[in-house]
Each structure stands twice: as C-alpha cells, then as structure tokens.
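Undergrad: Before I ask anything, let me first share the structure, which is written out below as structure tokens.
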Amino acid sequence: LLEAKVARVWVDDPVGRVLRAQGSFGGDPKSERWMTDFSALPYGGGLVGRIFESRAPEYILDIQQDSRTLNQRMAKELGLHAFAGIPLITGDRVVGVLAILFGNRRPFTPEEKELMGLLADQAAIAIQNAHLYEETERRRRAAESLADVGRLISQSLDPEEVGQRIADSLRALLGTFAAALYQLEPESEDLVEVAISGDVGPTFGQKLVFPRGTGVSGIAVGEKRPVVTPDLLSDSRVTLTPEQRERIEQASYRAVLAVPLVI
C-alpha cells in the first residue's frame, strides 16, 4: 500500500521484557542474517523500543542519520532511509510496534500517517485476539490435564504411576524441558525422585536424591512457597553438592521452578 521496502511487526514479550520480531516483509534473503542479530529488542532499546515505551509514533526522514538506529549495517546494505514506527495499542495496552522502512528519504503526508495508523489498529486487534485465543487454549489444556490427573488418582494408589502422569502432564502443559516430582522423606527430610518426564541427559540418575536444603526444591520445601531461578548455577540461594553441580553443568537447562506440595 505504501510502496515500502521493508515492514516488520514487533510483539511484546512481557515476561522477557523485550519486543520480538514476529513478522517481516521485504528485504533481501541475504539480509536475514542481519535481521536475526536484532530479533529481540529490550524495552527502550533502539527506535522500536523507545516507540513502545513512549506510546507515540515516530516518522524519520533518514534512519541512517539517526543515532538511535541499532541495526545500521542492515539499513546501509539494504539502502533503507525513511522510517515510520507506530505503536500497536489496544485498550490501554501496547502490544507491539509496526516498523515500516523505505528506500528513499522522504517526509510523510497526513494521509499516509492516517493509513499507517489504521493498519496499526488492525494489527493490534489481531495480536490481542491471538493472545486471547492462546490464553483460552492454555486454560482448556490445563483443565483437561487436571481432569486427567484427577481420574488417574481416583483409579490408582500406586505413587509412581500417579507421579509419572503428573510429571508428564505438567511438561506437556507448560512446554518445559523437563518436569519431576519428588517425595519428602520424613526422617531425613531429603527429597527423593518419584517420577521424571523429559530427556534430561546426565543430570538425573535413578532415584535422584536432593539432600535436605539443597537445590531449588529444597528452598521451596523450606519456605513453603514456589521458588524460581533463571540460572540454577549462578543463583547464590541454591546449595548444590559437587555431584549435582557437575551433572547440571552437562545438562541443557538452567531455569527452574519448584513448587512445594503442601497438605
């Protein structure tokens, strides 16, 4: 519609506090490498990040002359100059940014700005609808998983069978790398593996035991609340035995969420 050279939609990831590129148009296939280098932008980072935070559109005559442009190499290689960035707003929430780049230096007419605003409004509604659908599906899967586990618990008194179903359901429901269930030994207060789901390589052996107070699970049990760590090996709160640390260093995961089972 606007005879732009490149258009890109950036969508908010509130968990990571970044904007992620979720759709692109135009550009040379060889430029994908440069785009990949900037596939996620922190809040306030570059033109796109600032537009997201300010909630106000930006219209720039030549981004090659603007110090806020992070990917100058792509702009020069593709011959990108004029830039229009419009926040994608639905209700009181900014869900992303629409970035449109042109191959020439140019001002934008009021009619073009109006058209870009209409496109941004449609994009914002579409993204919000997608988020609502995703949340609805997540809740549906959660309800189904809980119902499945409930049926299994009512049918079996075998802790290992019930535990395995719980671990499998959680891993599928949350899309995690692995999920495990541990039982607290009353005398030693060690946590002993009941079931595990997922390929965790050398991290876990048969019936892994977390001695009292070790690991993220040990913290969760001691504090009786969920505990999360973004990096298991660098979190000063987490106590690990030398053997545990060696195994984790060879594993493919770092972030861990541990939830105590309280009755």
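The values are calculated or read from the model by the stated rules, or taken from the named source; none is laboratory data. Just so you know, these numbers come straight off a predicted model, no measurement behind them. Cβ: placed from backbone, ideal geometry, glycine included. Neighbour counts: every protein chain shown. In case anyone asks, the SASA skips ligands and DNA or RNA and just uses the protein heavy atoms, side chains included. Shrake-Rupley method; radii C 1.70, N 1.55, O 1.52, S 1.80 Å.
Undergrad: Expressed in nm to one decimal, what extension gain is obtained for the pair Ala56 and Gln155 from 0.36 nm per residue of sequence separation less their Cα-Cα distance? Let's see the in-between values first.
TA: Details: separation 99, 0.36 × 99 = 35.64 nm, distance 5.75 nm.
29.9 nm is the gain from fully extending Ala56 to Gln155.
Undergrad: Here's a follow-up. Compute the accessible area per residue over the chain, keeping the other protein chains in place, probe 1.4 Å, unit Å².
TA: With all protein chains present, the chain gives 59 Å² per residue.
Undergrad: Among Leu157, Leu146, Leu2, Leu132, what's the order by accessible area (1.4 angstrom probe), most exposed first?
TA: Result, largest first: Leu157, Leu146, Leu132, Leu2.
Undergrad: OK, next. For region 65-129, calculate the relative contact order in percent as a whole number, restricting contacts to Cα pairs under 8 Å that are 6 or more residues apart.
TA: 32 percent
Undergrad: Of all the accessible heavy-atom surface of the chain, with the other protein chains kept in place and a 1.4 Å probe, what percent is carbon and sulfur? Numbers along the way, then the final one.
TA: On the way: 8310 of 15510 Å².
The computed percentage sits at 54.
Undergrad: Moving on to the next point. Starting from the Cα coordinates of region 52-173, work out the convex hull volume and express it per residue in Å³.
TA: Convex hull of Cα atoms, per residue: 153 Å³.
Undergrad: Per-residue ellipticity at 222 nm for the chain, helices alone: DSSP H runs ≥ 4 residues times -39500 (n - 2.57), over residue total, nearest 500 deg cm²/dmol?
TA: That comes out to -12500 deg cm²/dmol.
Undergrad: Next question, about the same structure. Using Cα centres only, tell me the gap between region 75-148 and region 220-263 in whole Å.
TA: That distance is 37 Å.
Undergrad: Can you compute the charge dipole magnitude of region 114-168 about its Cα centre, using +1 on each Lys and Arg Cβ and -1 on each Asp and Glu Cβ, nothing else charged? Give it in debye, rounded to the nearest 20.
TA: The dipole magnitude comes to about 140 debye.
Undergrad: Using unit Cβ charges (K, R positive; D, E negative) and no other charged atoms, how large, in debye to the nearest 20, is the dipole of the chain about its Cα centre?
TA: 680 debye
Undergrad: Considering Cα pairs under 8 angstrom that are at least six residues apart, work out the relative contact order of region 1-134 and quote it in whole percent.
TA: 24 percent
Undergrad: Which ³J(HN,Hα) values, rounded to whole Hz and listed in residue order, are derived for region 229-240 from phi using the Karplus coefficients 6.51, -1.76 and 1.60 in 6.51 cos²θ - 1.76 cosθ + 1.60 with θ = phi - 60°, glycine and proline given as x?
TA: 10, x, 8, 4, 7, 9, 7, 5, 6, 8, 8, 10
Undergrad: I need the helices of the chain that pass two filters: whole DSSP H segments spanning 27 Å or more by Cα along the axis, and mean Kyte-Doolittle score no lower than 0.5.
TA: Details: long enough: 110-155 (67 Å, -0.53).
TM-like helix candidates: nothing returned.
Undergrad: Output the relative contact order of the chain, whole-number percent, from Cα pairs under 8 angstrom with separation of 6+ residues.
TA: Dividing the mean separation by the residue count of the chain yields 11 percent.
Undergrad: If you take every residue apart from Leu174 with its C-beta less than 11 Å away from the C-beta of Leu174, what net charge results, scoring Lys and Arg +1 and Asp and Glu -1?
TA: Local charge sum for Leu174: +3.
Undergrad: Run the 1.4 Å probe and let me know the accessible area of Lys224, rounded to the nearest 10 Å².
TA: Using a 1.4 Å probe on the heavy atoms, I get roughly 150 Å².
Undergrad: In region 100-170, with Lys and Arg counted as +1 and Asp and Glu as -1 at Cβ, which of these residues, Ala167, Leu132, Gln122, has the Cα nearest the positive end of the dipole, that is, farthest along it?
TA: Gln122
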